[in-house]
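One structure below.
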Amino acid sequence: LPMAFRDVNARRHIGLQELSSLALSGRTLLGPVKSWKFIVDESTNQSTLICSAVRLIESLDLTSAAGQLLNETIQAQNKEFKTGMSTLLFLVGAWSNSILECLQQNVPVSAIVSVMSQGLNSCCERVQCLQISIHDVNKELCSSSVRPDAFKSETCQIGCDGLLNPQIFMYFQKGVSAPEEGIPINSCSHQDGDCGFKKCLVSPLASFGSVASLVKPAGDRRASMISGSSVIASSCNKQKLTHSRYFSTLGKSHCSNRQGTFQGYLSGQAADPCKCYGLGHLAMALSHGNQTSMKLLQSIVEYQRERAECSGSSQFNVAEIVTCCLPTLPESCSCVSPGFVTLVLPEQATLIKRFEDKPLQILLMDGDLTEQYRHLGFNRPCNVRTILEHPSLHEGRTDLWLSSVLGILTSFEVNLVLVKGNVCENLMERCIANHILVIGSVSRDVMCTFVEVTSAQPVTYVTQLNASCVGSGAQVELWKACDGRAVDLGELVPVRIKARGIPLLTAVLTTTVASKMQLIEDQFWTLVYRLHHALNEKKVFLGGGAVELLCLSHIQMLAEEPLQPANENAVKGFHSPFLAASMTQYKSTVLQALASGWKQYLSVVMCNTAKAASELEASTLIDHHLKKASDCGSPSAYVLTEFRRGGLLRGVSSPFADHRESLKVYDNITAKTEAWRRALDLVLLVLQTDAEIITGPKRNQLLNSHASSEFLFL
């Protein structure tokens, strides 16, 4: 063995070991069933509940270079996709361990880098056959939703607030009348007897806007109906429940009664089940079992669909969605509210009661509302230098600025000020005393929305204000919970700011466990962006381990292939005869190391979902599928068939209850493949950096010069 390789492999690769150690802490965060972790801040003794790789990495003290690179990689994935971070973290650890094993077997660094990179590229091309258009997904899911056993007794668990109360479902199961205003089950049944009521209910997510209507005119209702809709419509055209103590009145869906319909959706009421549009089914398939966020997204999508039909706007717009977290309230109070819901001080809440039902003059500030704030790019005079300033002079200047700002706001009769950044506390107090409501830390999307609906123009400094910059038509009120009562959280009070025609929707997230608040918000945004990316790409991957299983099968095939004769010219380019003579051996070893990452991924997910007692049992099941896929002759056809049957890694492909295994799981395409690429790129970067530290930059450059086209194996 050349001395250079002995030097690399004889010493410890600290960077890879650090990546492996950091990734080990995130194993329980993988898959649809996660084990939550408590992160305790030693300085404050406050704890936070997490179940995502992003929050885990943010909470760790990453002082090493490898740890900081890992943090940057995960943050980049989160910023772009909001999903796939746990997969990225796990594969970083798995591939780090695999590469360390390769180094123990004296595999050259150049061979590892080249073969792994090309192997991943080959897998990404191979799994393209498992992509399915969202139209086909909706068609399949919507058609399967009319099966009599599709939801059974767990229907109420999908949305107890809106579709069905668990109490009344007990009476329907027994076939007797519900108490008081409850309706007997036979009032909805028809030819199918007991199944009639279940068919009328369908799914609470069956009432979403179709994906087809994204590209069809809003008025073309026939184009927006997908296969399977007629089956549901025919069953629901029978006698329907309209009033009950446990059922809310079903709103009409046309523009003539938009307000009532929207209120029904946002309060959690079930929309008309006769409208089996597929977007809700797609949201369910992408939710990976997260039913709380799925219900909120149901309300948002239906609201936006109805608005799109009447105004021709975009069907699903992430920019029109914001969140507001309200601790101390039970999770059942989570809902979607039109307008902008935010938290204000109790002193401001008193002022809001004065403003209720009154149109307000609104001002938008694009920056901080403080005396020291200067816009980005502002250059202070270079020939002015302050040596010493008496405190009284500073106080006098501050009072002058406060009086000036307050005078400008009063002169233009501004009642409401939304500030993108921070607000001076002294100014806030003076504004409250002068009946002016100032709210800071408002996001850019919210500001843009109020620009559209109030005709206000954002300004950077109050001194720029003129009559054309002031908007009108805004209203503010105390936010009310699902029982109609205003909520007082003690230190903060939730309020709602709205205007006529405002498209903004606020997902109000509630929980009685304060440490769980961040977790709920992260889960909600993950689902929102999964749906967003799926609609943008217009296709999704088969989920539940189908893609990873096909990667494993493909890697096995590549590892067994001999070196192609067409690569003889490339072999002549080796500087080292050792590399040329051992290329085939390295290729098989490195490819198996690449495959081990995906195999460990599937094994851990199965263990986390309790579908395998141990990783050994999970590995045995995976090997069984790989053998059957190989014997089939077409691994992709085998994977697709097993996925549709629901027999592929059972429990991973459907994280819902056992009787809902027909509801498959799907994944985003680009988010998944980019998580793979980022994980491998990070590991290979650390590998090469470690090798350079051990052997020196010149010798490592010589080794890496061998790793380009020499390891082509396709």
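The values are calculated or read from the model by the stated rules, or taken from the named source; none is laboratory data. Computed from a prediction, not measured in an experiment: that's the story for all the values here. Please note: Cβ atoms are built from the backbone with ideal geometry, for glycine as well, and neighbour counts cover all protein chains shown. Note: accessible area is taken over every heavy atom of the protein model, side chains too, but ligands, DNA and RNA are not part of it. Shrake-Rupley method; radii C 1.70, N 1.55, O 1.52, S 1.80 Å.
Worth a mention:
- Cβ-Cβ distances below 6 Å connect the following pairs, each with a first residue in the stretch 586-615 that is under 21 Å from M85 (Cβ atoms) and in the same structural domain as N121 (by the TED database), a second residue that is open to solvent by 30 Å² or more (accessible area, probe 1.4 Å) and assigned to a helix (DSSP H, G or I), and a separation of six or more residues or different chains: S603/E615; V604/R27; C607/E615.
- Pairing residues of the stretch 503-524 that are over 23 Å from Q315 (Cβ atoms) and charged (D, E, K, R) with residues that are open to solvent by less than 40 Å² (accessible area, probe 1.4 Å) and outside any helix (DSSP H, G or I), at Cβ distances under 7 Å and at least 6 apart in sequence or on separate chains, gives K516/L49; E521/T323; E521/C325; E521/L509; D522/S52.
Conditions (1) open to solvent by less than 10 Å² (accessible area, probe 1.4 Å); (2) farther than 19 Å from L591 by Cα; (3) of a type in the set (D, E, K, R), marked per residue:
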site: Q75; (1), (2), (3): no, yes, no
site: N78; (1), (2), (3): no, yes, no
site: Q104; (1), (2), (3): no, no, no
site: I112; (1), (2), (3): yes, no, no
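- Pairs, first exposed (fewer than 14 other Cβ atoms within 10 Å of the Cβ) in the stretch 60-71, second in a loop (DSSP other than H, G, I, E, B), C-beta under 7 Å, six or more apart: Q68/L62
- Residues of the stretch 115-145 classified as within 15 Å of S588 (Cα to Cα) and either modelled with pLDDT under 90 or surrounded by fewer than 20 Cβ atoms within 10 Å (Cβ to Cβ) (or both), total: 2
- Taking residues in the stretch 4-26 that are at pLDDT below 70 and part of a helix (DSSP H, G or I), and partners anywhere that are surrounded by fewer than 20 Cβ atoms within 10 Å (Cβ to Cβ) and hydrophobic (A, V, I, L, M, F, W, C), the pairs with Cβ atoms closer than 8 Å and at least 6 places apart or on different chains are A4/L702; D7/I694; V8/I694.
- Restricting attention to the stretch 32-75, the residues being part of a helix (DSSP H, G or I) and among the hydrophobic types (A, V, I, L, M, F, W, C) number 9.
- Residue within the stretch 648-669 that is within 25 Å of S287 (Cβ to Cβ), in the same structural domain as S20 (by the TED database), open to solvent by 30 Å² or more (accessible area, probe 1.4 Å) and at pLDDT 90 or above present: no
- R354 fulfils the conditions (1) in contact with a Pro (Cβ under 9 Å, 6 or more places away or on another chain); (2) part of a helix (DSSP H, G or I) except for a single criterion, (1).
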